[in-house]
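Encoded as structure tokens, the structure appears first; notes follow it.
The values are calculated or read from the model by the stated rules, or taken from the named source; none is laboratory data. For clarity, every value in this text was computed on a predicted model and none was experimentally measured. As a convention, Cβ positions derive from the backbone with ideal geometry for all residues, glycine included, and neighbour counts pool all protein chains shown. SASA here: full protein model, heavy atoms, side chains in, ligands and nucleic acids out. Shrake-Rupley method; radii C 1.70, N 1.55, O 1.52, S 1.80 Å.
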Amino acid sequence: MTTTKNYDVVVIGAGPAGYVAAIRCAQLGLKTACVDEWLDEHGNPSLGGPCLNVGCNPSKALLDSSHHYHHILHQVKDHGITVDGARIDVVAMQRRKSKVVTMLTRGIAGLFKKNGIERLVGTGRLIGSEKVTVTALKGSNEPEKQLSAKHIIIATGSHPISLPQTPIDGVNIVDSSGALAFEEVPQRLGVIGAGVIGLELGSVWNRLGAKVTVLEALEDFLPAVDRDLASDALQVFKRQGLDIQLGSRLTASARTETGVRISYQGPQGERQIEVDKLVVAVGRKAYTEGLGAEQAGLELDERGFIVVDEHWQTNLQGVLAVGDVIGGPMLAHKGSEEGVAVAERIAGQAGHVNYETVPWIIYTWPEIAWVGSTEDELKNQGIDYRSGTFPFMAIGRARAMGEAAGKIKIIGDTNTDRILGVHIFGPQASELIAEAVVAMECDASTEDLARTIHAHPTLAEAMHEAALAVDDRAIHF
Ligand code: FAD
């Protein structure tokens, strides 16, 4: 007979939303178990979900490696350094990436142990609002387990969207995970989708020598990004060799002897190109397969996201949901913040997430980062604003680094001067945006930033100058 183990909280899913929720629950003294079904490339259970295994961190490992290579080939000579015979060993690069992943995922396992979280490997299935069954994964003889908990947190995340015109075969037509695992540089790479993931993966292989064509169905480049910065970024990425074709919708694909023939409808009509590998990066969708949502009566919206209220409560009493599976920005840090907040609410505290200050980053080079509203959004809402822009080319540190492309734009409310948005296209934008997030979290004004001393020479001086520029008093431009 199967016995039922009792917990205060059972978390289903150990991605950045679920594992953080589990750790915070345990820190708050709640008896916590976390169920996860992720298997790594060798078929071993691995915590961290796609973010740690095939997403955020491995993509940044390859972005960094490819950036070093590209820098050595094209930029170090400006510093008076000659490097003869620089070559790329993709297998070694991938080995390094895998080591980074292993270190990080084992780190989560260590944190689970340290916090006394019970880790269960298998598929978690909701049975009503207080019970979960855990079914062992294929190849395991573990019997099914029954868990019962006062609170269940669902954090089952998301999966890549596939296109019927071009089914993934894992060899020539791949999703983002496949594109992170190539063992040689494809000569010709096609990418469907010029979103965050498509641009990051396209950049990796472009830097390593692939001829990259990116097809994007939308006419606008990066519609969520400030128009001014998106247009600068498009020019820079095209100069880097990314052949980004906007308004180009894939109609069909067919395997050829050497690769894939892609047919698409573009501004010039029907076109065809042939590539060696094709990456489909058209977005992600909520993942609830195996969760037993329908049988348990869990409400999903028309796009498959779990419906929650402002406190992440689903329609089933005691069942909460966080992360990609509830929609909103599909970002690791957004899910982690929800994980913390939901744990604190279970423990009777006032956990909350300020969705207005969620930072967005695209790890191209230069990087794109932003927080808050764009000018277009403010215009549509009828909000009066002033903006100040400052280019990195007028920043001493950027010049010294040889990284003078891009700019920072700060937008403030005309009446209150409260910062409404900060937009960066430039070197280390991913780090610089943190200052803007803190400023917005503290309800700072552009004048607060303008009166804050920024060390010289730093890239952050561009933030200071952009804040001064809101009031037309930038010093160095
Ligand atoms: P997930 O990370 O999807 O985790 C869900 C977990 O639940 C998985 O381990 C899954 O196996 C498990 N699971 C699902 N169903 C069950 C079940 N029934 N039982 C047991 N386990 C189950 N975001 C960023 O913020 N920054 C980035 O730089 C970034 N880069 C990315 C790059 C790529 C290539 C990709 C693909 C994504 C990237 N993302 C990035 C997005 C980020 O990975 C997601 O937003 C994040 O992983 C969502 O976290 P989550 O915890 O909600 O779900």
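For the stretch 436-477, the alpha-carbon radius of gyration amounts to 1.09 times the rule-of-thumb value 2.2 N^0.38 Å expected for a compact globular protein.
Taking one quarter of the surface of the C-alpha convex hull of the stretch 383-467 gives a mean projected area of 4.9 nm².
Per DSSP helix of 4 or more residues, -39500 (n - 2.57); summed, then divided by the residues of the chain. What does that give at 222 nm, rounded to the nearest 500? Each step should come with its number before you reach the end.
Working: 14 runs with 151 residues, N = 477.
Value at 222 nm, helices only: -9500 deg cm²/dmol.
The spacing between the stretch 105-124 and the stretch 315-390, judged by their C-alpha centroids, is 26 Å. Dividing the convex hull volume of the alpha carbon atoms of the stretch 301-352 by its residue count gives 68 Å³ per residue. Size descriptors for the stretch 96-165 (Cα atoms only): Rg and Dmax, in that order, 15.8, 47 Å. Of all aspartates and glutamates in the structure, the ones whose alpha carbon falls short of 16 Å from that of LYS31, not counting any fewer than 8 places away in one chain, are ASP8, GLU118, GLU130, GLU344. In units of the compact-protein estimate 2.2 N^0.38 Å, the stretch 201-353 shows a Cα radius of gyration of 1.40. Where the accessible area of the chain is counted over protein heavy atoms with a 1.4 Å probe, how much of it, in %, is carbon and sulfur? With neighbouring chains kept in place, the figure for the chain is 50 percent. Averaged over its residues, the chain has an accessible area of 46 Å² per residue, based on protein heavy atoms and a 1.4 Å probe. Sorting 26-35, 73-82 by their mean Cβ neighbour count within 10 Å, with the most densely packed peptide first, gives 26-35, 73-82. Each part gets one Cα centre, and for the stretch 427-477 versus the stretch 21-87 those centres are 29 Å apart. Summarising the overall dimensions of the stretch 154-237 from its C-alpha atoms, the Rg and Dmax are 14.1, 42 angstrom.
Computed from the alpha carbon atoms alone, the convex hull of the stretch 8-131 holds 120 Å³ per residue.
With only the Cα atoms considered, the stretch 293-409 has a convex hull volume of 164 Å³ per residue. Across all C-alpha atoms in the chain, the radius of gyration and Dmax reach 23.8, 76 Å. For the stretch 372-424, how big is the tail of P(r) above 14 Å, as a whole percent of Cα pairs? Considering the stretch 372-424, 55 percent of its Cα-Cα pairs are separated by more than 14 Å. Using 16 Å as the cut-off for backbone N distance, which residues of the stretch 320-334 belong to the label zone defined by a point 7 Å from the Cα of GLU299 along Cα→Cβ? Answer for this model: 320-322, 326-327. Using 0.36 nm per residue and subtracting the Cα-Cα separation, the extra length available between ASP78 and GLN317 on full extension is 79.8 nm. Beta bridges assigned by DSSP with both partners in the chain are antiparallel in approximately 60 percent of cases.
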